[in-house]
Amino acid sequence: MPHIPVPDDLPGIRGLMAFRPETGRPLSELAEALLVSESPLSRGERETIAAYVSHLNACRFCRDSHAAAARHLLGTQCDLVDAVLVDPAAAPASAKLRALLAIAAKVQASGRLVTADDVAAARAEGATDRDVHDTVLIAAAFSMFNRYVDGLAALTPDDPAAYAEMGRRMGDNGYAARRAGTAASASEPAR
Amino acid sequence: MSPHIAVRPDLAGITSLLEYRLDTAQPIRELTQVLLRGPSTLTEGERELIAALVSHRNACRFCATAHTAAAALLLGECETVDAVKRDVAAAPVSDRMKALLGIAAKVQASGRLVTADDVAAARAAGATDVEIHDTVLIAALFCLYNRYVDGLASLTPDDPAYYRTLADRIVHRGYTRPPGGPPSAITAAAQNDA
C-alpha cells in the first residue's frame, strides 16, 4: 500500500503525480525532454538506459515500464533491452551505447565514480558531448524517479500485460500529455 | 579535473549544466522552485536542511556547500545544519523534522528502505501526507542533482565567497533562471586555479 493516499489507485509514478500535480507537471516535462525530445540517442536507446538504471536500483515499476517502452520503440531490435538487463557488456548494442551504459551504471552508484577515462572511452566509440550529457542526466533522473516511486511505496502491478500496455502508451504518446490528475490511457476513459 | 563536457567556462557546478541544455533545465528548475520555495507547511530553512543532508551524504561538495550555506542563511545560524549533517538524532530540530530527515536519509540510500513504520513515526510526530511526499521527492531530487553535478565533473569552486553569493541568490531570488541567463561567476584566474 502506498505511504500516501493516491487517487483512483493509479499505478506507480502516475499515482504520485496525481497526488501532487504541482510537482507532477515538471516531472512529466522532464521525462518528455529527456526521453522523447531531440537527442543524438534514439528513443529506444534512451528508454534502455532508463530501464537499466531502474534495474540497478531494483525499482520494479520503473524497470518494467521503461523496458516495455524500449521493446515497443526498438521494433525488430526489441531483444536489446532484455540483453542489457542481463549483461550490458555482452548485449548486442553498439560499442558507443555499451560505453554509455557503463557511465550510466557508475552514475547510478555515484556521480563521483565517472572518470575522464570513462568519458574518453565513450568518445572513442563516437559519443559526443550531448550523448554523454544526456546519458548522465537520464541516469541521474532515474536515480530520482526510482527513489520517488519506491520511497512512497507506489502501487506496482504484478501483471506483465499491464507493463506492456504502459510501454505502448509511453512509446506512442510520450510523457508530456500525461498531466497528473487528468492522465488518460487507451484502457481508461479520459476524465 | 575539468568538466567532462564543454560548458560555459565562466559558470560553475549545476549552473553550468543547466545552461548547457535549457529544455531539460526548465522542468528541473521549476520542480526545485515548487519543492523548496513554493507554499508548504515546511519552512524554506527546513527544506534546505533536507537538501544539505542528502547532498552531504552523497558527498557532492558543490551541492552540500551551497545548500548548507542556504540553510544557514534562512535559519540565521550555522549550528543546526552542521548538526543535522553530523547526526540527525542529536540535532536541535523538532521531532517532526527528525522523523522527516530520517526518511530523507533512507531515500538517499534507496527508496526501498523507507518502511510503513518510518512513515507512521513521522505522522505520530505531526507530519502531514504532503510533508512526507515532499520530503521524499526533495531527497530524490537531490540524488539527481548530486549525480548530475559530479557525473559530469562540473567545476566546484574552492572559494567560500562563491557559495555565499550563490546562497544569497537562491534564498532571495529562488531557483528560476535569471532573465538572460546567469551572470558570470568565475574569473579567468579562478578557472586556472580550479
Q) Any idea how many Lys pairs in the protein assembly as shown come in under 26 angstrom at the alpha carbon, given 8 or more places apart or on separate chains? A) 6
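Using the Cα centre as the reference, give the magnitude of the dipole from point charges on the C-beta atoms of the protein assembly as shown (Lys, Arg: +1; Asp, Glu: -1; all else neutral), rounded to the nearest 20 debye.
Values: 39 positive and 46 negative charges, 38 e Å.
Using Cβ point charges on Lys, Arg, Asp and Glu, the protein assembly as shown gives about 180 debye.
If you wrap a convex hull around the C-alpha atoms of the range B:48-194 and split its volume per residue, what is the figure in Å³?
So the per-residue hull volume is 120 Å³.
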Q: Kindly state, to the nearest 0.05, the FRET efficiency for B:Ala124 paired with A:Val86, given R0 = 41 Å and r defined as their beta-carbon distance.
A: 0.40
**Q.** Relative contact order computed over chain B (Cα-Cα under 8 Å; 6+ residues apart), in percent
**A.** 35
Q.
Quick check on the exposure proxy: order B:Arg86, B:Arg96 from fewest to most C-beta atoms within 10 angstrom.
A. B:Arg86, B:Arg96
Q. Can you sort B:Leu31, A:Leu85 by how many other beta carbons sit within 10 Å, fewest first?
A. A:Leu85, B:Leu31
Q: Using only atoms on other chains, find how many Cβ atoms lie within 10 Å of each Cβ of peptide A:16-22 and report the average.
A: 3
Q) Remind me, relative contact order of chain A in percent, using alpha carbon pairs under 8 angstrom and six or more residues apart? A) 35
(Q) Going by average Cβ density within 10 Å per residue, which order do the peptides B:20-28, B:176-184, B:160-168, A:61-69 take, highest to lowest? (A) A:61-69, B:20-28, B:160-168, B:176-184
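Return the average number of partner chain Cβ atoms within 10 angstrom of each residue Cβ along peptide A:101-112. The partial results should precede the final answer.
Values: counts 0, 0, 3, 1, 0, 2, 6, 3, 1, 8, 15, 10.
Taking all residues of A:101-112 together, the mean is 4.
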Q: Taking chain B as the reference, fit the longest principal axis to its C-alpha atoms, fit the long axis of helix B:61-75 to the helix C-alpha atoms, and give the angle between the two in degrees, 0 to 90, nearest 10.
A: 60
(Q) Step by step: find N for the protein assembly as shown, compute 2.2 N^0.38 Å, then divide the Cα radius of gyration by it. What's the final number? (A) 0.95
Q | Burial ordering of B:Ile103, B:Ile5, fewest other beta-carbon atoms within 10 Å first | A | B:Ile5, B:Ile103
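Enter the mean number of other protein chain beta carbons within 10 Å of the beta carbon of each residue in B:24-35, as an integer.
Numbers: counts 12, 3, 4, 10, 9, 1, 7, 9, 2, 1, 6, 4.
Taking the mean over all residues of the peptide, I get 6.
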Q: Would you kindly compute the Cα radius of gyration of chain A and its largest Cα-Cα separation (Dmax), both in Å?
A: 16.1, 51
Q) Which residue, A:Asn57, A:Asn173, A:Asn146, has the most motion in a Gaussian network model of chain A that connects Cα atoms within less than 10 Å? A) A:Asn173
Q) In chain A, what cysteines have no partner Cβ closer than 4.7 Å? A) A:Cys78
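Throughout, read-outs are computed from the coordinates displayed, never taken from laboratory work. Because the structure is a prediction, the values reported are computed rather than measured. Positions of Cβ are backbone-derived with ideal geometry, glycine not excepted, and every protein chain shown enters the neighbour counts.
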